[in-house]
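**Q** This is the structure, below, for whatever I ask next.
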Amino acid sequence: MTTAAVKVPTFDCRKAFAEELIALAREDDRIVAVCNDSVGSSNLTGFRDEFPDRLINVGIAEQDLVGVGAGLANGGMIPFVSAASPFLTGRALEQIKADVAYSRAKVVLCGQSPGMAYGELGPTHHSIEDLSWMRAVADLPIVVPADPAQTRAAVRWAAANDGPSFLRIGRHPVPAVHPEGTEFVPGKAIRLTDGDDLAVVATGTMVSRALEAAEILRAEGIGLRVLNVAYVEPLDTDAVLQAASGTRGVITAEEATTTGGLGAAVATLLAENAPTRMRILGIHREFAPTGSTDFLLDHFGLSTAGIVAAARELA
Amino acid sequence: MSTLTADPVPAGAYNSARRERAAADPASLVPALQELARKVRTSDIRMINRAQLGHIGGDFSVTDILATLYGAVLSVDPLDPAAPERDRFILSKGHSAGALYSTLAHCGFFPLSELNTFAQPLSALNGHPNRVKVPGVETNTGPLGHGFPVAVGHALAAKLQGSSRRTFVVMGDGELQEGSNWEAAMTASHYALENLTAVVDRNRLQQGARTEDTKQLEPLADKWAAFGFEVRTVDGHDITQLLQAFSGSTTGKPVAVIADTIKGKGVSFIEDRVEWHHKVPTAQQVEDALKELNQ
């Protein structure tokens, strides 16, 4: 249920991911794509066509996928290890911990189609635990771009970063939030609106919805400060503390379980430093019913209307 | 202290020219490699007793394999352990860290005195190997079923780079019950990684019981062959046979070496006993063991 008056164009971030990866591969022959029979769903067909030798497909084998990625990284390549996020993070969680993060292998883990992207395919395919699981692993930066421009910037950053990273690449179409050519600054949240009644700390698909909510609430005289926290881990604690001190309450919004994700990170920070009234939007330890992505996001209060409702409650 | 650096290589401890001799006249190397293995076992059992922690059974079953690899096969430089063109070795059965640490120290990767710190607070020598802290370690192992996929990635990287460097991985036989190994075996075969040698330390014991009583592995050679490997079965304590087995692929396929070993090899009261998987020897048992090792 979107209330935007004008229909804005939307984009699949996987496309931006794939285009930027190909551009990078043209510049640097260390770049390899590693996938698990997900050439199509990871949008790597173009990469395979241009760099057939540098597309490693290990088949339906996620533990092998991540281990092979770690070996490629330690062997001097820059692997983008790509798979549907529930399987990449869930089936290979220990490989991500031991072979990648603890071994400091420069692997870019690309969790594709996270959250409710696979709507009707059901909870086995919904990737709502991935943020919590990845947050629990030490020394693993987590990046959740909000739109195509930020996806491109994040891909560039991850390739240049000295160490591993986890990119959560959305499939559900989103409007452009940032201009093309935007830079990805690690460790920094981006303040998108300047309201000082309430703050919305949002990530990924929820950022554009938070902006729509801010529009609606402005008409009601409620000023919403929207923070895009693409760099989920480590969290930009300064930006979040400023948002809390500059407003009367903080709403977090993520297309993920609230157990251990962005909301939990913000709540922990604020509880220890600046106790603040909060609403934590996400999925509260519940398997989803059958439905499309949009239906499920509405169902769990992760629509624009859901953010508006939470804000009215807190205002 | 978190990261080790190497002292100058002790005289005679490491000699890269051995690799050429290994090819030309392997028999001439056997006494030196046996002596290296004896030293590794001696340091290891002392280290385990000092730390009151370790896996002596699996350490001693893999020692001759490690001594052969580091003493005569691997192209590695203890003074430049991260040289890009080095051969890669991964000990997937990471609980045998003691044998690996002792081998690396005797080959000059770090001072022998560091073995005294094994498992002590803030030592680089954790109970399981860490590549960030210990020179010569290529990936962090411990949980089983991890090393082989990483080795496959290393071998793939070498191929993509047109490099002739080789990758070796040692797995425990019980470890083969982890499915990730067979995922990796399929990948190695599919990509025809002839630069990869997978070694199975076939000591027939795992933590709780004999492998064949837990979840049978036989016919093991047939399994590897069916997965597309050139298979070599050898006595894992016979250095001549090991040198031959590590000589490289003759068929363009990845190589699987099934090394028949005895858990606890070299000390009669430890050999082939399940309880010595992670039992710690007493001071008296160390003395008795050293007598046997030094015979």
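The values are calculated or read from the model by the stated rules, or taken from the named source; none is laboratory data. From a predicted model like this one, the values you see are computed outputs, not experimental measurements. Cβ sites come from the backbone with ideal geometry, for glycine too, and all protein chains shown count toward neighbours. Remember, those area values only see protein heavy atoms, side chains included, never the ligands or the DNA or RNA. Shrake-Rupley method; radii C 1.70, N 1.55, O 1.52, S 1.80 Å.
**Q** Where does each of A:249-256, B:40-47 land if you order them by average Cβ count within 10 Å, highest first? Numbers along the way, then the final one.
**A** Values: A:249-256: 27.6, B:40-47: 23.9.
So the peptides A:249-256, B:40-47, ranked by packing, come out A:249-256, B:40-47.
**Q** At a 1.4 Å probe, what is the % contribution of carbon and sulfur to the accessible area of the stretch B:25-293?
**A** C and S atoms contribute 51 percent here.
**Q** Moving on to the next point. Enter the mean number of other protein chain beta carbons within 10 Å of the beta carbon of each residue in B:82-93, as an integer.
**A** The per-residue average across the peptide is 1.
**Q** Alpha carbon centre of the stretch B:31-69 versus the stretch A:189-224: separation in Å?
**A** Between the Cα centres of the stretch B:31-69 and the stretch A:189-224 lies a distance of 63 Å.
**Q** Which residue, B:SER102, B:SER249, B:SER113, has the most motion in a Gaussian network model of chain B that connects Cα atoms within less than 10 Å?
**A** Taking springs between Cα atoms under 10 Å, the residue moving most is B:SER113.
**Q** Which net charge results when you count Lys and Arg as +1 and Asp and Glu as -1 among the other residues whose beta-carbon is under 13 Å from that of A:HIS125? Mind dumping the intermediate values first?
**A** On the way: positive: A:ARG91, A:ARG171; negative: A:GLU120, A:GLU129, A:ASP130.
Taking every other residue near A:HIS125 into account, the sum is -1.
**Q** Taking every DSSP beta bridge that has both residues in the stretch A:137-239, what percent is antiparallel when rounded to the nearest 5? Intermediate values should be presented prior to the final figure.
**A** Values: 4 of 11 bridges.
The antiparallel proportion sits near 35 percent.
**Q** Let me know the Kirkwood hydrodynamic radius for the stretch A:1-136, please, with Cα pairs as the basis and the value in Å to one decimal. Kindly include the intermediate steps, with their values, before the conclusion.
**A** Details: mean 1/r = 0.0642 Å⁻¹.
Every distinct Cα pair counted, the radius reaches 15.6 Å.
**Q** At 25 °C and 0.890 mPa s, grab the translational diffusion coefficient of the stretch B:13-125 from Stokes-Einstein with a Kirkwood Rh over Cα pairs, rounded to a whole number in µm² per second.
**A** Details: Rh = 14.4 Å.
It diffuses with D of about 171 µm²/s by this estimate.
**Q** First measure r as the distance between the Cβ atoms of A:ARG312 and B:ASP213, then evaluate 1/(1 + (r/R0)^6) with R0 = 41 Å and state the FRET efficiency to the nearest 0.05.
**A** 0.05
**Q** Can you give the average number of partner chain beta-carbon atoms within 10 Å of each beta-carbon in peptide A:55-64, as a whole number?
**A** Counting other chains' Cβ atoms within 10 Å and averaging over A:55-64 gives 6.
**Q** Rounded to the nearest 5, what % of the DSSP beta bridges within the stretch B:25-293 are antiparallel ones?
**A** 5 percent
**Q** Additional query: Taking only the C-alpha atoms, wrap a convex hull around the stretch B:25-293 and report its volume per residue in Å³ as a whole number.
**A** Convex hull volume per residue, Cα atoms: 115 Å³.
**Q** Another one. Of all the C-alpha pairs in the stretch A:94-236, what % are more than 22 Å from each other?
**A** That fraction is 42 percent.
**Q** Right, something else. Report the charge-dipole magnitude of the stretch B:25-293 in Debye, nearest 20, computed about the Cα centre from +1 at each Lys and Arg Cβ and -1 at each Asp and Glu Cβ.
**A** Result for the stretch B:25-293 is approximately 440 debye, rounded to the nearest 20.
**Q** Work out how much length B:GLU292 to B:ASP80 would gain on full extension: take 0.36 nm times their residue separation and subtract the Cα-Cα distance, in nm to one decimal.
**A** 72.8 nm
**Q** Within a 10 angstrom radius of each residue's Cβ in B:187-194, how many Cβ atoms of other chains show up on average? Whole number is fine.
**A** 2
**Q** Still on this structure, I have one more. How long are the semi-axes of the equivalent ellipsoid of the stretch B:97-151, taking √(5λ) for every eigenvalue λ of the Cα gyration tensor, in whole Å from largest down?
**A** So the equivalent ellipsoid measures 20, 13, 9 Å along its semi-axes.
**Q** Could you state, as a whole-number percent, how many of the C-alpha pairs of the stretch B:197-237 are farther apart than 15 Å?
**A** Roughly 47 percent, once rounded to a whole number.
**Q** What does the charge count around A:LEU269 come to, taking other residues whose C-beta lies under 14 Å from its C-beta (Lys +1, Arg +1, Asp -1, Glu -1)?
**A** Details: positive: A:ARG135; negative: A:GLU233, A:ASP236, A:ASP238, A:GLU272.
For residues surrounding A:LEU269, the net value is -3.
**Q** Which whole-angstrom value gives the distance between the alpha carbon centres of the stretch B:190-242 and the stretch A:227-296?
**A** Going from one Cα centre to the other spans 50 Å.
**Q** Can you pull a Stokes-Einstein diffusion coefficient for chain A at 20 °C (1.002 mPa s), Rh from Kirkwood over Cα pairs, as a whole number of µm²/s?
**A** 111 µm²/s
**Q** Sort all Cα-Cα distances of the protein assembly as shown into consecutive 10 angstrom bins from zero, then give the percent of pairs in each bin up to the one containing the longest distance.
**A** The distribution over the protein assembly as shown is 3, 17, 24, 21, 15, 11, 6, 2, 0, 0, given as percents.
**Q** Take peptides A:54-62, B:90-98, A:128-136 and line them up by average Cβ neighbours within 10 Å, highest first, as a rough protection proxy.
**A** For the peptides A:54-62, B:90-98, A:128-136, the packing ranking is B:90-98, A:128-136, A:54-62.
**Q** Any idea of the accessible area per residue across the protein assembly as shown, 1.4 Å probe, to the nearest Å²?
**A** Details: 22670 Å² over 610 residues.
For the protein assembly as shown, the solvent-accessible area averages 37 Å² per residue.
**Q** In the stretch A:101-159, with Lys and Arg counted as +1 and Asp and Glu as -1 at Cβ, which of these residues, A:ALA117, A:VAL107, A:PRO148, has the Cα nearest the positive end of the dipole, that is, farthest along it?
**A** Final value for the positive-end residue is A:VAL107.
**Q** Follow-up question, since we're still on this one. Round to a whole angstrom and tell me the spacing of the C-alpha centers of the stretch A:119-178 and the stretch A:46-73.
**A** Each part reduced to its Cα centre gives a spacing of 19 Å.
**Q** Then there is this: For the protein assembly as shown, what proportion of DSSP beta bridges, expressed in % and rounded to the nearest 5, is antiparallel?
**A** 10 percent
**Q** One-quarter of the Cα convex hull surface for the stretch B:96-204, in nm²?
**A** So the Cα hull casts an average projection of 7.6 nm².
**Q** OK, next. How do B:104-112, B:78-86 rank on mean C-beta neighbours within 10 Å, highest first? Let's see the in-between values first.
**A** Details: B:104-112: 23.7, B:78-86: 14.2.
Descending packing order for the listed peptides: B:104-112, B:78-86.
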